[in-house]
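The structure appears right after this line, and notes come after that.
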Amino acid sequence: MAEDVLNLGEAKAPDAASGLDSFLAAAANATGPARRPAPVDTWHPPFCGDIDMRINRDGTWFYNGSPIGRPALVKLFASILRKDAERYVLVTPVECVGIKVEDVPFIAVEMHDTATERGRALQIRTNVDDEIIVDRDHPLRFEKGDADGLVPYVRIRGGLWARLTRALFFDLVGQGEIEVCDGAAMFGIRSGGEFFPMAPAGEVEER
């Protein structure tokens with residue numbers, strides 16, 4: 001763990017890194033060697049304030065202004081991330097600290113079709129190697145972006161979402177279909193037995 005702590009960023013910052021030493025050790029013990037998401041929703045340690053850590057819109061993690069250079073550390077932090085009502089936090093059984101997130105914490109970087117008990121579905125992988133099936137528990141949502149464009153998101157777990165890359169969004173559009181939702185024809189995506197409306201069918205046909 002010591003060598004991981006000293007390589008938080010591209011440049012070494014021993015004083016800052018040492019402040020995270022005990023937190024990293026607790027996180028590593030809580031998640032185990034597989035670095036699977038920890039049961040953070042069941043942990044309620046005291047809040048110990050914010051730390052200088054943020055996740056950029058492109059999914060890059062920064063600590064004290066420097067990018068965290070080790071993917072294993074990013075995955076470790078991601079495995080103990082939680083979205084509370086007022087902030088994003090990193091949580092261990094004994095400590096909770098706040099961090100900043102510019103948009104959402106994850107980026108969806110890979111998508112392919114898969115078969116499920118509820119029919120065809122989309123399987124998505126994030127930049128920290130979480131994998132989910134798009135379904136009722138992991139829905140898609142679409143928000144208006146710049147110039148009236150749509151920005152696609154998928155829920156990974158809890159209150160944590162991933163934004164799909166532009167390339168994956170184009171793939172989604174290519175797989176879209178029209179269904180009637182609440183009496184209106186909508187263009188959207190069907191996956192895992194659920195339909196996720198993207199836009200009114202008339203708007204799509206006009207483009």
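The values are calculated or read from the model by the stated rules, or taken from the named source; none is laboratory data. Note that the coordinates shown come from a computational prediction; the quantities given were computed from them, not determined experimentally. Here Cβ is always computed from backbone atoms with ideal geometry, including for glycine, and neighbour counts include all displayed protein chains.
Conditions tested, residue by residue: (1) part of a strand (DSSP E or B); (2) of a type outside the set (Lys, Arg); (3) surrounded by fewer than 20 Cβ atoms within 10 Å (Cβ to Cβ).
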position: MET53; (1), (2), (3): yes, yes, no
position: GLY59; (1), (2), (3): no, yes, no
position: PRO93; (1), (2), (3): no, yes, yes
position: GLU110; (1), (2), (3): yes, yes, yes
position: ASP113; (1), (2), (3): yes, yes, yes
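Could you say whether any residue in the stretch 186-200 is under 27 Å from VAL89 (Cβ atoms) and in contact (Cβ under 8 Å) with a residue 40 or more places away in the chain?
The answer is no, given that none of the residues of the stretch 186-200 is under 27 Å from VAL89 (Cβ atoms) and in contact (Cβ under 8 Å) with a residue 40 or more places away in the chain.
Please enumerate the residues belonging to the stretch 33-58 that are more than 16 Å from VAL94 (Cα to Cα) and either among the small types (Gly, Ala, Ser) or modelled with pLDDT under 65 (or both).
PRO33, ALA34, ARG35
Determine, yes or no, whether VAL109 is touching a residue at least 12 places away in the same chain (Cβ under 8 Å) and closer than 21 Å to ILE55 by Cα.
yes
Can you tell me which residues in the stretch 123-139 are of a type outside the set (A, V, I, L, M, F, W, C) and touching a helix residue (DSSP H, G or I) at 6+ places or on another chain (Cβ under 7 Å)?
Listed by number, the list holds a single entry, ASP129.
State whether the residues of the stretch 69-92 include one that is touching a Cys at 6+ places or on another chain (Cβ under 6 Å), modelled with pLDDT of 90 or more and not assigned by TED's automatic domain parsing to the domain that holds ILE132.
Yes, that holds for at least one residue.
Suppose we filter the stretch 115-136 for residues that are in a strand (DSSP E or B) and modelled with pLDDT under 95; how many remain?
4
Considering every residue within the stretch 43-57, establish whether at least one is more than 27 Å from ARG166 (Cβ to Cβ), over 12 Å from the mean Cα position of the chain (by Cα) and basic (Lys, Arg).
no
Let's see how each residue does on (1) buried (at least 19 other Cβ atoms within 10 Å of the Cβ); (2) assigned by TED's automatic domain parsing to the domain that holds ALA78; (3) free of Cβ contacts under 8 Å to residues at least 24 places away in the same chain:
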| site | (1), (2), (3) |
| --- | --- |
| LEU122 | yes, no, no |
| VAL128 | yes, no, no |
| ASP137 | no, no, yes |
| GLY145 | no, no, yes |
| GLY158 | no, no, no |
| ALA162 | yes, no, no |
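Give me a count of the residues in the stretch 93-112 that are acidic (Asp, Glu) and modelled with pLDDT under 95.
Of the residues in that region, 1 qualify.
For the stretch 134-147, enumerate the residues that are within 15 Å of LEU168 (Cβ to Cβ) and either over 14 Å from the mean Cα position of the chain (by Cα) or small (Gly, Ala, Ser) (or both).
Within the stretch 134-147, PHE142, GLY145 meet the criteria.
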